[in-house]
Amino acid sequence: MTGPVLAVDQGTSGTKALVICPERGVIGAGFAAVRPRHLPGGLVEVDPAALYDSVLHAGRRALTEAGEPVTALGLANQGETVLAWDPATGRPLTDALVWQDRRAATVCAELAPHADELHRLTGLPLDPYFAAPKMAWIRRHATAEGVVTTSDSWLVHRLTGAYVTDAATAGRTHLLDLDSATWSPRALDLYGLSGERLPEIVDNAQPVGTTREFGPEIPLTGLIVDQQAALLAHRVTAPGSAKCTYGTGAFLLAPTGGAARRSTAGLVGCVAWRLAGRTAYCLDGQVYTAASAVRWLAGLGVIRGAADLDPVGATVPDSGGVVFVPALAGLAAPWWRGDLRGSLTGLGLDTAPGHLVRALCEGLAAQVVELSRAVAADLGEPLDVLRVDGGLTRSALLMQTQADLLQRPVEVSPLPDATALGAGALARLGAEPGLKVADALPQGGAATVYEPGIPAGEAARRLDRFRAAVAALAAGSPA
């Protein structure tokens, strides 16, 4: 049996690292903040050096706290964040364009006639959220030098010298043939990227190299996208259930088994993971702003932070007729209207901070309901339960609102760091090939279960108000 492993979750606003022991659980933890720059016009970028430094700082802190050696390393990444870099030196040639960045909208507009073909090939809708539009934008407007990849390939190269990406991350590019899980020559041609040197696509659990960046030599044996890592940690591996992570954005994933699915309801069909050469798939829906919307409200002085959601929301019985569509970075699935801006309606002289808090919680929860409905439409049956994790699950108000509008139980994970735990499980699987997947995963069970507390009719009325606000927002903006 492998000993403790180091699991690193390189996220949008920071990097979390855990040292995980198979018998004793988490024995060391570290965190390092990352501060992306939000610029006018929907631009979001970050210094690549800040990403790499955060990985090293968080990892070293976790190892220092654990005080014992580890046998393997697992790394989770943001998925759609991209940069150009020099493969000879590892030096970044551009800033990293964060997944929220919208500057590649011009690339998508040019490719609009090929949107259906790209969807059939890759399972993904045409949107600058994904990596390939950003890669093409960099080639057209920033540099023709070096290689242009998702951030994981650069991080792995800096750590080990290997030039790889995992199958799940490759599935977030818009360049992967979803059925074969190989690079699509046709997609590359459409994006003008046919001449690019792309990383080798590897399984999510296998040795890819070793690193001394944390001190002693450690083999890197697990790689995955952050949301798929959380899906695995939740033990959500069969159709019928889903998980939602409430982080900077909110991300709902539902497994579909061993067959690739193309959503007809506005979701993303993608690779969940590939283990021992066998690919598993999932449907994915995104809410671009969750914790970032809470931070926005705090920036206005309405609350001090996420910890204020419950006490401030408790000062009023309901939203007072206020409806908040928190499309502060556009609307993702199932609408795919990144051009839209958020809206607050129903304001009056009697509107108090508590009404705004409750309206925000309803706006976030309503978007997750729409994702759940889309999953049900694609799979032909409703979800039985929603398992959730992420920092915002600490808000009882948000979680109760989610259960109320969803009209299904919401199970809050006892795993506050599900993404890192999923990466750690993959590190163990890659280091110990005979290990069964179920034996590598953290033990399940819900810390709290929220049951619906309002009648279905009232939930429907609230959702109708939200949908009407989205429709008004869309009608006021050109498609």
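The values are calculated or read from the model by the stated rules, or taken from the named source; none is laboratory data. Since the structure is predicted, the reported quantities are computational estimates derived from the model, not experimental observations. So basically every Cβ, Gly included, is an ideal-geometry build from the backbone, and we count neighbours across all protein chains shown.
A few comments on the model shown:
- Residue tally, condition in contact (Cβ under 8 Å) with a residue 40 or more places away in the chain, buried (at least 17 other Cβ atoms within 10 Å of the Cβ) and under 19 Å from the mean Cα position of the chain (by Cα), over region 21-49: 6
- Subset of region 266-279 (residues that are in contact with a Gly (Cβ under 6 Å, 6 or more places away or on another chain) and either part of a strand (DSSP E or B) or closer than 26 Å to A427 by Cα (or both)): G269, C270, V271
- Only one of L406, L383, L379, L421 that is within 27 Å of L267 (Cα to Cα) and modelled with pLDDT of 95 or more: L406
- All told, R428 falls short of being more than 17 Å from G74 (Cβ to Cβ) and under 25 Å from the mean Cα position of the chain (by Cα).
- Selection count where residues are within 24 Å of A144 (Cα to Cα) and either surrounded by fewer than 20 Cβ atoms within 10 Å (Cβ to Cβ) or acidic (D, E) (or both), scope region 69-91: 7
- Just one of the listed residues (L435, L398, L371, L415) is assigned to a loop (DSSP other than H, G, I, E, B), buried (at least 20 other Cβ atoms within 10 Å of the Cβ) and of a type outside the set (S, T, N, Q), and it is L415.
- Candidate set: region 315-367, residues that are of a type in the set (D, E) and at pLDDT 95 or above; chosen: the one farthest from H119 (Cα to Cα): D350
- Hits in region 180-209 - residues which are over 24 Å from the mean Cα position of the chain (by Cα), over 17 Å from Y163 (Cβ atoms) and without any contact (Cβ under 8 Å) to a residue 12 or more places away in the chain: P185, D189, S194
One line per residue, one yes/no per condition, for (1) in a loop (DSSP other than H, G, I, E, B); (2) closer than 30 Å to G41 by Cβ:
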site: L349; (1), (2): yes, no
site: R387; (1), (2): no, no
site: L392; (1), (2): no, yes
site: A423; (1), (2): no, no
site: R428; (1), (2): no, no
site: Q443; (1), (2): yes, no
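- Strands (runs of 3 or more DSSP E) (entirely within region 118-216) containing at least 3 residues that are among the polar types (S, T, N, Q) and either crowded, with 18+ Cβ neighbours inside 10 Å or in contact with a helix residue (DSSP H, G or I) (Cβ under 7 Å, 6 or more places away or on another chain) (or both): 205-211
- Filter pass, L386 being crowded, with 24+ Cβ neighbours inside 10 Å and assigned by TED's automatic domain parsing to the domain that holds V302: yes
- Of all residues in region 280-306 being assigned to a helix (DSSP H, G or I) and touching a residue at least 40 places away in the same chain (Cβ under 8 Å), the one that is farthest from W336 (Cα to Cα): A306
- Residue check, P69 touching a residue at least 60 places away in the same chain (Cβ under 8 Å) and either among the acidic types (D, E) or touching a strand residue (DSSP E or B) at 6+ places or on another chain (Cβ under 7 Å) (or both): no
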